[in-house]
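These notes are about the structure you will find just below.
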Amino acid sequence: MTDDLPAAEDLSRHADKKAKIKAARDRMMAEKTGEKGLILVLTGPGKGKSSSAFGMVMRAISHGMPVAVVQFIKGAMATGERDFLLQHFPDLCRFHTMGEGFTWETQDLARDIAAARRGWEMAKEMILDPANRLVLLDEINIALRYDYLDVADVVSFLRDHKPPMTHVLLTGRNAKPEVIEIADLVTEMTVVKHPFRAGIKAQAGIEF
């Protein structure tokens, strides 16, 4: 086994290389002193947008930061994240499910629009509440994509009225260009493989 270990010269060269990387990294980090409430967008056709968003929710809660979740589109179906947050962190997470289900389930345009608009009113209330440090607008990009909400209204509110230190996280595929333009962080999920294409139904603990 000892014959497989790097030579002393290789170890020294590796250490020097990593030391230079660390020094450059430390200089870069020392220059990053700004702090602000971020607008974050998770979009794209791949799975993981809401899952990643709820990971941020849990991260914020672990820092004692109050959060609020406003779910657009999704209906009253029980999900693991909602049950977990409401059962274990009701003092740090306010959870509002404003949708009535996916559009192919409701089949009622007027109801979908009304639900989205109620959701947006709740979202504005949660964002303006100084107690909340992070507000997740789950699947709002879908409501914007179908023009259930006026994208100009959403963008102007986030740009002009969001408290300076409040983070707002928007999820859903097909994020509008106007939303991407004002965002501080945009991540696009892509599809490489998905079990649904192989005839596998949504799995508890993975999809919901």
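The values are calculated or read from the model by the stated rules, or taken from the named source; none is laboratory data. Bear in mind that the values here come from a model prediction, so they are computed numbers and not experimental data. All Cβ positions, even for glycine, are placed from backbone atoms using ideal geometry, and neighbour counts span all protein chains on display. In case anyone asks, the SASA skips ligands and DNA or RNA and just uses the protein heavy atoms, side chains included. Shrake-Rupley method; radii C 1.70, N 1.55, O 1.52, S 1.80 Å.
With respect to the conditions (1) open to solvent by 20 Å² or more (accessible area, probe 1.4 Å); (2) in contact (Cβ under 8 Å) with a residue 60 or more places away in the chain; (3) not basic (Lys, Arg), Pro195 lacks only one, and its number is (2). Ile142: touching a Pro at 6+ places or on another chain (Cβ under 8 Å) and part of a helix (DSSP H, G or I), yes or no? Spelling it out, it is not the case that Ile142 is touching a Pro at 6+ places or on another chain (Cβ under 8 Å) and part of a helix (DSSP H, G or I).
Could you check region 151-192 and list, in sequence order, the residues that are in a strand (DSSP E or B) and open to solvent by less than 20 Å² (accessible area, probe 1.4 Å)?
Our first condition is that a residue be in a strand (DSSP E or B); within region 151-192, this holds for 167-171, 185-188.
Within region 151-192, Val168, Leu169, Leu170, Thr171 meet the criteria.
Go through the residues of region 133-150 one by one and say whether even a single one is without any contact (Cβ under 8 Å) to a residue 24 or more places away in the chain, on the phi > 0 side of the Ramachandran plot and of a type outside the set (A, V, I, L, M, F, W, C). Within region 133-150, one or more residues are without any contact (Cβ under 8 Å) to a residue 24 or more places away in the chain, on the phi > 0 side of the Ramachandran plot and of a type outside the set (A, V, I, L, M, F, W, C).
Can you work out which of the residues in region 43-66 that are part of a loop (DSSP other than H, G, I, E, B), within 13 Å of the chain's Cα centre (by Cα) and not charged (D, E, K, R) is nearest to Val186 (Cα to Cα)? So that I can check it myself, show each step before the final result.
Keep residues of region 43-66 that are part of a loop (DSSP other than H, G, I, E, B), which gives 44-48, 63-66.
The next check asks that each one be within 13 Å of the chain's Cα centre (by Cα); those that pass are 44, 47-48.
From the residues that got through so far, the ones that are not charged (D, E, K, R) too are 44, 48.
On the way: Gly44: 10, Gly48: 14 Å.
Once the filter is applied, the top-ranked residue is Gly44.
What tally of residues in region 24-53 results from selecting those that are touching a Lys or Arg at 6+ places or on another chain (Cβ under 8 Å) and either open to solvent by 20 Å² or more (accessible area, probe 1.4 Å) or among the aromatic types (Phe, Trp, Tyr) (or both)? Final tally of qualifying residues: 2.
Only one of these is of a type in the set (Asp, Glu) and outside any helix (DSSP H, G or I): Asp26, Asp16, Asp91, Asp83. Name it.
On the way: Asp26 fails: outside any helix (DSSP H, G or I); Asp16 fails: outside any helix (DSSP H, G or I); Asp83 fails: outside any helix (DSSP H, G or I).
Sole residue among the options that is of a type in the set (Asp, Glu) and outside any helix (DSSP H, G or I): Asp91.
Here Met56 meets each of (1) of a type in the set (A, V, I, L, M); (2) crowded, with 19+ Cβ neighbours inside 10 Å; (3) modelled with pLDDT of 95 or more with one exception, condition (2). For region 122-139, give me each residue that is assigned to a loop (DSSP other than H, G, I, E, B) and either surrounded by fewer than 16 Cβ atoms within 10 Å (Cβ to Cβ) or polar (S, T, N, Q) (or both). Matches in region 122-139: Asp129, Pro130, Ala131, Asn132.
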